[in-house]
Amino acid sequence: MKNIYINWAAYDELSDNVELTEELAMYQLENLIRLRKKGVSMDYYLMDAFWYDANSGFMKWRKPHWPKGPTRWLNECRKNGI
């Protein structure tokens, strides 16, 4: 069985006004890293919907929420073995 950390609970643009921003995603990643350091086993991080530009066919990260794309988030994932 695999354990998956899903960030959907932190935002839901379909039912509330909380948008997925780079800052929110980084905060969620920091919490996953914190949990792993405390011994919680997580095999995957699933960034759910709304990171993408709706007109890009899932090929581009949404601006202005991700002004430099996913680089910062991806680098932090790699650095922490995620």
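The values are calculated or read from the model by the stated rules, or taken from the named source; none is laboratory data. Every value quoted in this text rests on a predicted model; they were computed, and no experiment measured them. Here the Cβ positions follow ideal geometry from the backbone for every residue, glycine too, while neighbour counts run over all protein chains shown. Only protein heavy atoms, including side chains, enter the accessible area calculation; ligands, DNA and RNA are left aside. Shrake-Rupley method; radii C 1.70, N 1.55, O 1.52, S 1.80 Å.
Return a yes/no flag: does the stretch 47-68 have any residue that is aromatic (Phe, Trp, Tyr) and assigned to a helix (DSSP H, G or I).
Step one: of the stretch 47-68, the residues aromatic (Phe, Trp, Tyr) are 50-52, 58, 61, 66.
Keeping just the survivors that are assigned to a helix (DSSP H, G or I) gives none.
No, the stretch 47-68 contains no residue that is aromatic (Phe, Trp, Tyr) and assigned to a helix (DSSP H, G or I).
Pick from the stretch 31-49 the residues that are under 16 Å from Leu74 (Cα atoms) and surrounded by 12 or more Cβ atoms within 10 Å (Cβ to Cβ): which of them is modelled with the lowest pLDDT?
The qualifying residue modelled with the lowest pLDDT is Asp48.
Among residues belonging to the stretch 1-21 that are of a type in the set (S, T, N, Q) and within 15 Å of Trp51 (Cβ to Cβ), point out the one that is modelled with the lowest pLDDT.
Asn7
Can you pull out the residues in the stretch 50-59 that are on the phi < 0 side of the Ramachandran plot and either touching a residue at least 40 places away in the same chain (Cβ under 8 Å) or open to solvent by 70 Å² or more (accessible area, probe 1.4 Å) (or both)? Give the steps one after another, and end with the answer.
Here is the first cut: in the stretch 50-59, the ones on the phi < 0 side of the Ramachandran plot are 51-56, 59.
Once the filter is applied, which keeps residues that are on the phi < 0 side of the Ramachandran plot and either touching a residue at least 40 places away in the same chain (Cβ under 8 Å) or open to solvent by 70 Å² or more (accessible area, probe 1.4 Å) (or both), the stretch 50-59 yields Ala54, Asn55, Met59.
Restricting the search to the stretch 3-36, which residues are in a helix (DSSP H, G or I) and over 12 Å from the mean Cα position of the chain (by Cα)?
Once the filter is applied, which keeps residues that are in a helix (DSSP H, G or I) and over 12 Å from the mean Cα position of the chain (by Cα), the stretch 3-36 yields Ile33, Arg34, Leu35, Arg36.
May I ask you to list pairs of residues, at least six apart or on different chains, whose Cβ atoms are under 8 Å apart, with the first in the stretch 16-32 being farther than 17 Å from Trp66 by Cβ and the second being open to solvent by 30 Å² or more (accessible area, probe 1.4 Å) and assigned to a loop (DSSP other than H, G, I, E, B)?
Leu32/Met42; Leu32/Ile82
Across the stretch 45-82, what is the number of residues that are within 18 Å of Tyr11 (Cα to Cα) and either among the small types (Gly, Ala, Ser) or touching a Ser or Thr at 6+ places or on another chain (Cβ under 7 Å) (or both)?
Residues meeting the conditions: 3.
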